[in-house]
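Enquirer: I have a structure I would like to understand better, so I am pasting it below and will then ask my questions one at a time.
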Amino acid sequence: MVSDMTTSQHGFSTRAIHDGQEPDPLTGAVNVPLYLSSTYQLQGIEKHRGWEYSRVSNPTRDALETSLASLEGGASGHVFASGMAAISALVTMLNAGDHVVCGDNVYGGTTRLFSQVIVRHGIEFSWVDTSNPENVCHAIRPTTKLVHIETPTNPLMTLTDIRAVAAVCHEHGIDMSVDNTFMSPYFQRPIEFGADIVMHSTTKFLNGHSDGLGGVLVGTKPEHAETFRMVQKCTGGILSPFESWLILRGVKTLAVRMRQHDANGRAVAAFLAQHPKVSHVSYPGLESHPQHDLAKRQMSGFGSMMSFEVGSRANADKLLQAVRVCTNGESLGGVETLISHSATTTHAALSPEERARIGITEGLVRISVGIEDIDDILADLDQALQQL
Ligand SMILES: *Cc1c(COP(=O)(O)O)cnc(C)c1O
């Protein structure tokens, strides 16, 4: 849905609560209703009220698309059945023979999609360490049409300078897309630094309650709106009205949740950094993070994602079995603290050598700090670490 009339110049929290979500004109309902209708009554041949068939558009989904476009500062939002469905839609912009420069440590599912599926359709990929913009520059070919990055990366929290990479892209007339899942638009808005397209797995912080999958593409150009609307209609991998409604509900509290995630994240990082059983913590909010200054420039908070080293797989296993408040599980961005072993979950598809090359050791543990009472999270981590 293109966000022309229904977005505002208000502050972030006000937009999160109101943009795309005017009271229902028919009943005055303050919340956007859950429109469970596959089809809509027409008023004559080619005459409709804006909706005809729910694969093409649905009022609940439209409200969410307007909301997310507003929060990222883009022109249009397009939601899909999962984050992976959104990334799949992104690459339908490309034609056989086109080339993509992609971060070499993006989400594992993205790597799998590009290198095992999309590559078979005649699209070529170069995998580069985008934390150095020079590497992006060197990888660009005459056929390059897209540069896709993720910042910070999972789980080592390596940053890419969005402004610097966007400058390289624009010099060559190439679109830049950013997977902004880890920070949410509350802490990082890539379009403000020159990115052309922002992608999220809404499954994570945007929904925030670990109860639904979803993905979004926010575009900045009319051709993005046209392409992404077309692919929603043609492939049908759209987000259901119910999941759209859940995310609308989640987004209303995004600002307060993110502030608490950030406060708890900083406290957990500081605690782990001084803990005798932990040899290293990767968190952009720590001064020890090699890109701490860049983090301060392009993010307005540090969030709650981090990873830390406990020395061995056996230690990681003990820790994950000993936690009581934290839950050993994949995914991230929910209100609950989730803790996981990267080598055997998100990065299981890589060979041990590939993992070693990017720094994912057997003793590396990732944590998505939730918004429980911080004292309970710290006490839980402490008792679990004492058992190593
Ligand atoms: C989870 C995730 C995805 C994939 O999203 P799904 O909703 O699981 O399909 C993509 N990128 C990042 C950074 C993620 O964390």
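Enquirer: Could you look through the stretch 346-355, keep only residues that are over 21 Å from the mean Cα position of the chain (by Cα) and open to solvent by less than 70 Å² (accessible area, probe 1.4 Å), and pick out the one that is modelled with the highest pLDDT? If you could, list the steps in order and put the result at the bottom.
Expert: Step one: list which residues in the stretch 346-355 are over 21 Å from the mean Cα position of the chain (by Cα), which gives 350-355.
Then drop every residue that is not open to solvent by less than 70 Å² (accessible area, probe 1.4 Å), which leaves 350-351, 355.
On the way: Leu350: 82, Ser351: 85, Arg355: 90.
If we take residues in the stretch 346-355 being over 21 Å from the mean Cα position of the chain (by Cα) and open to solvent by less than 70 Å² (accessible area, probe 1.4 Å), then Arg355 is modelled with the highest pLDDT.
Enquirer: Would you call Arg163 surrounded by fewer than 22 Cβ atoms within 10 Å (Cβ to Cβ), under 30 Å from Gly11 (Cβ atoms), basic (Lys, Arg) and modelled with pLDDT of 95 or more?
Expert: Working: surrounded by fewer than 22 Cβ atoms within 10 Å (Cβ to Cβ): yes; under 30 Å from Gly11 (Cβ atoms): yes; basic (Lys, Arg): yes; modelled with pLDDT of 95 or more: yes.
So Arg163 passes the test.
Enquirer: Right, here's the next one. Only residues that are open to solvent by less than 40 Å² (accessible area, probe 1.4 Å) and away from the ligand (no atom under 16 Å from the Cβ): list them for the stretch 321-334, please. Please lay out each step first, then the result.
Expert: Of the stretch 321-334, the ones open to solvent by less than 40 Å² (accessible area, probe 1.4 Å) are 322-323, 326, 329, 332-334.
Those that are open to solvent by less than 40 Å² (accessible area, probe 1.4 Å) and away from the ligand (no atom under 16 Å from the Cβ): Ala322, Val323, Cys326.
Enquirer: Within the stretch 36-69, restricting attention to residues that are hydroxyl-bearing (Ser, Thr, Tyr) and open to solvent by less than 10 Å² (accessible area, probe 1.4 Å), which residue is nearest to Leu206 (Cα to Cα)? Steps first, answer last, please.
Expert: Just the residues of the stretch 36-69 that are hydroxyl-bearing (Ser, Thr, Tyr), to begin with: 37-40, 53-54, 57, 60, 66-67.
Now drop any that are not open to solvent by less than 10 Å² (accessible area, probe 1.4 Å), which leaves 60, 66-67.
Values: Thr60: 16, Thr66: 14, Ser67: 11 Å.
The qualifying residue nearest to Leu206 (Cα to Cα) is Ser67.
Enquirer: Would you say Val168 is more than 14 Å from the ligand (Cβ to nearest atom), touching a residue at least 12 places away in the same chain (Cβ under 8 Å) and open to solvent by less than 10 Å² (accessible area, probe 1.4 Å)? Break it down stepwise before answering.
Expert: Values: more than 14 Å from the ligand (Cβ to nearest atom): yes; touching a residue at least 12 places away in the same chain (Cβ under 8 Å): yes; open to solvent by less than 10 Å² (accessible area, probe 1.4 Å): no.
Spelling it out, it is not the case that Val168 is more than 14 Å from the ligand (Cβ to nearest atom), touching a residue at least 12 places away in the same chain (Cβ under 8 Å) and open to solvent by less than 10 Å² (accessible area, probe 1.4 Å).
Enquirer: Condition first: touching a helix residue (DSSP H, G or I) at 6+ places or on another chain (Cβ under 7 Å), open to solvent by less than 20 Å² (accessible area, probe 1.4 Å) and closer than 21 Å to Leu254 by Cβ. Now tell me which residues in the stretch 75-98 satisfy that.
Expert: If we filter the stretch 75-98 for residues that are touching a helix residue (DSSP H, G or I) at 6+ places or on another chain (Cβ under 7 Å), which is where we start, we get 75-80, 84, 87-89, 91-93, 96.
Of the ones still in play, those that are also open to solvent by less than 20 Å² (accessible area, probe 1.4 Å) are 76-80, 87, 89, 91.
Result: Ser76, Gly77, His78, Val79, Phe80.
Enquirer: Could you tell me whether His200 is surrounded by fewer than 22 Cβ atoms within 10 Å (Cβ to Cβ), at pLDDT 95 or above and within 16 Å of the ligand (Cβ to nearest atom)?
Expert: No: the conditions fail for His200.
Enquirer: Suppose the filter is open to solvent by less than 70 Å² (accessible area, probe 1.4 Å), over 26 Å from the mean Cα position of the chain (by Cα), at positive phi and in the same structural domain as Ile247 (by TED's automatic domain parsing); does Gly20 pass it?
Expert: Considered against the rule, which asks whether it is open to solvent by less than 70 Å² (accessible area, probe 1.4 Å), over 26 Å from the mean Cα position of the chain (by Cα), at positive phi and in the same structural domain as Ile247 (by TED's automatic domain parsing), Gly20 comes out as no.
Enquirer: If Thr66 satisfies all but one of (1) away from the ligand (no atom under 16 Å from the Cβ); (2) under 30 Å from Pro142 (Cβ atoms), what's the number of the condition it fails?
Expert: Of (1) away from the ligand (no atom under 16 Å from the Cβ); (2) under 30 Å from Pro142 (Cβ atoms), only one is false for Thr66: (2).
Enquirer: Let me ask something else. Could you list all residues from the stretch 220-235 that are in contact with a helix residue (DSSP H, G or I) (Cβ under 9 Å, 6 or more places away or on another chain) and either surrounded by fewer than 18 Cβ atoms within 10 Å (Cβ to Cβ) or under 19 Å from Asn58 (Cβ atoms) (or both)?
Expert: Start the filter on the stretch 220-235 by keeping residues that are in contact with a helix residue (DSSP H, G or I) (Cβ under 9 Å, 6 or more places away or on another chain), which leaves 220, 223-224, 227-228, 230-232, 234-235.
Listed by number, the residues that qualify are Glu223, Phe228, Met230, Val231, Gln232, Cys234, Thr235.
Enquirer: Kindly establish whether Ser126 is under 20 Å from the mean Cα position of the chain (by Cα), more than 16 Å from the ligand (Cβ to nearest atom), of a type in the set (S, T, N, Q) and not assigned by TED's automatic domain parsing to the domain that holds Leu350.
Expert: Working: under 20 Å from the mean Cα position of the chain (by Cα): no; more than 16 Å from the ligand (Cβ to nearest atom): yes; of a type in the set (S, T, N, Q): yes; not assigned by TED's automatic domain parsing to the domain that holds Leu350: yes.
So Ser126 fails the test.
Enquirer: Output the helices (runs of 4 or more DSSP H) that fall wholly within the stretch 153-251 and possess 2 or more residues being of a type in the set (Ser, Thr, Tyr), or say none.
Expert: Working: elements: 162-171, 184-187, 222-235, 241-251.
The qualifying helices (runs of 4 or more DSSP H) are 184-187, 222-235.
Enquirer: Of the residues that make up the stretch 236-244, is at least one open to solvent by 20 Å² or more (accessible area, probe 1.4 Å), more than 27 Å from Gly370 (Cβ to Cβ) and of a type outside the set (Gly, Ala, Ser)?
Expert: Yes: one or more hits.
The values are calculated or read from the model by the stated rules, or taken from the named source; none is laboratory data. Bear in mind the structure is a predicted one, so any value in this text is a computation, not a measurement. Please note: Cβ atoms are built from the backbone with ideal geometry, for glycine as well, and neighbour counts cover all protein chains shown. Remember, those area values only see protein heavy atoms, side chains included, never the ligands or the DNA or RNA. Shrake-Rupley method; radii C 1.70, N 1.55, O 1.52, S 1.80 Å.
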